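Working notes, structure below.
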Amino acid sequence: MAGKEDLKLLGLLVSPFVIRVRMALSMKGLNYEYVEEDLFNKSELLLKLNPVHKKVPVLIHNGKPICESLVILQYVDELFTGRAILPTDPYERATARFWAAYIEDKLCPAWIGILKAKAEEERAEKVKETLAAIEHVEVAFAKCSNGNVFFGGDSIGYLDIVLGSFLFWFEALRRMYGLEIINTSKTPLLAAWAERFGGSVEAKEVVPEADKAVQYANKLHAAAAVKLVSSE
Amino acid sequence: MAGGDDLKLLGLWSSPFVLRLRAYEYIEEEALTNKGELLLKYNPVHKKVPVLIHNGKPICESRVILQYIDEAFAGTGPSLLPADPYERAIARFWAAYIDDTMLPVWNKSSTGKTEEEIAEGKKQSLATAEVLEGALRDCGKGKPFFGGDSAGYVDVELGGLLGWVRASDELHGVKPFDPERTPLLAAWSERFGALEAVEPVVPEVSRVVEFGKTMWKARLAAAAAAGASN
């Protein structure tokens with residue numbers, strides 16, 4: 001099975017959503033062709049295969065596209081044997097899905113909002129939202145991990161991937177704004193988990209240096225500034 | 001259903017998310033403004049309905065609940081999600097689209113604070129309906145439902161909104177599934193609404209309209225109070 005599948009991934013090296021998929025594929029021992037997209041100049045292939053959102057990641061399996069990182073993670077988990085990504089028990093799966101949805105719907109827009117904020121006030125608001133959300137995730141970790149080292153138990157699982165993919169961006173935000181989203185005093189469990197995740201073989205394979213994220217953020221800010229000027 | 005399982009559902013009749021689930025022991029929540037103790041205990045994170053309580057354990061978020069029901073009760077009755085992994089991925093994609101892209105846009109067209117915002121919301125709502133029309137055409141492949149011959153995950157996701165879809169014309173002067181712009185969706189919505197499992201559960205248009213108007217007045221009052229205190 002592994003290596004014989006026709007798998008292609010359209011991605012971006014600094015996208016946490018793409019990193020999630022790369023971790024999952026790697027955990028299943030799958031080979032794939034990786035195509036780096038330029039989001040400032042999207043390829044025809046990307047626009048054709050993800051016409052609704054025009055975003056990465058897009059996994060193309062035997063010519064058929066699958067979009068949205070959480071949908072792709074579940075697809076890869078259900079189709080390919082090997083390491084389980086989601087738990088097997090229905091109630092534990094429901095818990096994992098609930099927190100993944102929370103991370104996507106509450107935490108994610110908040111921290112991305114810090115980057116996108118056009119004014120200090122807006123940024124401060126987003127920082128507040130991010131810190132409030134991460135506190136809930138700290139509680140989630142206590143409940144889900146059951147005293148184990150990862151959300152998924154002994155080894156990395158669905159929620160570890162979903163949240164872990166953000167960590168290098170959190171470090172980038174610390175370097176850019178002096179902001180600590182996860183810290184040892186307010187979120188001790190997550191701080192310890194973050195160390196473990198960052199040091200894991202799975203993460204080291206695909207997670208880039210935080211400076212790459214800082215560089216990308218600067219690029220985004222520069223582009224936004226150009227847009228603003230040209231629209232005046 | 002599965003004998004011996006203790007299932008309770010905390011809900012609010014007007015909530016589209018609750019409409020998706022029904023059956024079992026149903027506990028009507030007072031209203032959005034008067035949240036019961038059970039709700040606050042079982043959904044401390046969001047404090048929202050629906051909450052399914054299975055043998056004392058809570059499950060929250062309608063998409064999570066739907067998949068839980070499908071998995072925990074696999075083998076008893078029809079599946080909500082397709083069996084094929086690729087088709088499941090497509091179904092999950094469209095369910096996410098409905099909740100994360102379409103619904104916020106629909107809300108904008110009813111909660112917008114300025115004429116401009118509301119008009120923009122309406123325009124975007126029509127655009128999302130057209131995208132979904134395309135999805136029904138491509139996924140449905142001429143079959144009556146997104147799920148094929150029978151209603152499935154996406155049908156239930158979208159169908160939960162039926163009460164509001166029907167009331168929308170009276171409340172906002174917009175037909176979300178306009179028979180001219182989105183004929184497949186208009187036909188689908190009649191068909192889904194007529195299903196035996198669905199028909200008794202969809203709230204009456206007049207009740208939804210009344211509720212919508214009350215919420216609108218409450219929102220205006222809150223905005224005025226906030227404005228007055230500035």
With A:Ala224 itself left out, Lys, Arg at +1 and Asp, Glu at -1 over residues whose Cβ is under 12 Å from its Cβ give +4
Charges only on Cβ, +1 for Lys and Arg, -1 for Asp and Glu: so what's the dipole of the protein assembly as shown about the Cα centre, in debye to the nearest 20?
-> 600 debye
Where does each of B:Lys122, B:Lys143 land when they are ordered by accessible area, with a 1.4 Å probe and the largest first?
-> B:Lys143, B:Lys122
Entries of B:Lys57/B:Lys217; A:Lys118/B:Lys217; A:Lys28/B:Lys57; A:Lys143/A:Lys212; A:Lys54/B:Lys108 with Cα pairs more than 28 Å apart | B:Lys57/B:Lys217; A:Lys118/B:Lys217; A:Lys28/B:Lys57; A:Lys143/A:Lys212
A:Phe150's amide H: which non-local residues (gap 5+, or another chain) put their own amide H closer than 5 Å, with H modeled 1.01 Å from N in plane and none for Pro or chain starts?
-> none
A:Val58's amide H: which non-local residues (gap 5+, or another chain) put their own amide H closer than 5 Å, with H modeled 1.01 Å from N in plane and none for Pro or chain starts?
-> A:Leu10
Can you grab the distance from the C-alpha centre of the range A:104-145 to the C-alpha centre of the range A:1-54, Å, no decimals?
-> 26 Å
Counting only protein heavy atoms and rolling a 1.4 Å probe, one gets per residue an accessible area for the protein assembly as shown in Å² of 49 Å²
At 1.567 mPa s and 4 °C, Stokes diffusion of chain A via Kirkwood alpha-carbon radius, µm² per second | 70 µm²/s
Rounded to the nearest 20 Debye, what is the dipole magnitude of the range B:85-206 about its Cα centre when Lys and Arg each give +1 and Asp and Glu each give -1 at the C-beta?
-> 260 debye
Of the residues A:Pro208, A:Pro51, A:Pro188, which exhibits the maximal mean-square fluctuation in a Gaussian network model of chain A defined by a 10 Å Cα contact cut-off?
-> A:Pro51
Express the carbon and sulfur contribution to the solvent-accessible surface of the range A:90-213 as a percent, rounded to the nearest whole number, probe 1.4 angstrom.
-> 51 percent
Which one of A:Ala100, A:Ala132, A:Ala84 has the biggest mean-square fluctuation once chain A is modelled by GNM with Cα springs under 10 Å?
-> A:Ala132
Gyration tensor verdict on the protein assembly as shown (Cα atoms; rounded if a/c is under 1.5, prolate if a/b is larger than b/c, oblate otherwise) | rounded
Please express the Cα-Cα pair-distance distribution P(r) of the range A:105-165 as a list of whole percents, one per 5 Å bin, running from 0 to the bin with the greatest distance.
-> 4, 19, 22, 19, 14, 11, 7, 4, 1
Can you tell me the FRET efficiency between A:Val139 and A:Met176 if r is taken as the Cβ-Cβ distance and R0 is 35 Å, rounded to the nearest 0.05?
-> 0.80
Which of these, A:Asp160, A:Asp105, A:Asp77, has the largest mean-square fluctuation under a Gaussian network model of chain A (Cα springs below 10 Å)?
-> A:Asp105
For B:Asp178, net neighbour charge (Lys/Arg +1, Asp/Glu -1) across residues whose Cβ lies under 11 Å away = -2
Return the Rg/Rh value of the range B:34-159, two decimal places, where both radii are evaluated on C-alpha atoms and Rh is the Kirkwood radius.
-> 1.04
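The values are calculated or read from the model by the stated rules, or taken from the named source; none is laboratory data. Source: prediction; values computed, not measured. Quick reminder, even Gly has a Cβ in these numbers, built from the backbone with ideal geometry, and neighbours come from all protein chains shown. Just so you know, the surface numbers come from the protein's heavy atoms only, side chains and all, with ligands and any DNA or RNA stripped out. Shrake-Rupley method; radii C 1.70, N 1.55, O 1.52, S 1.80 Å.
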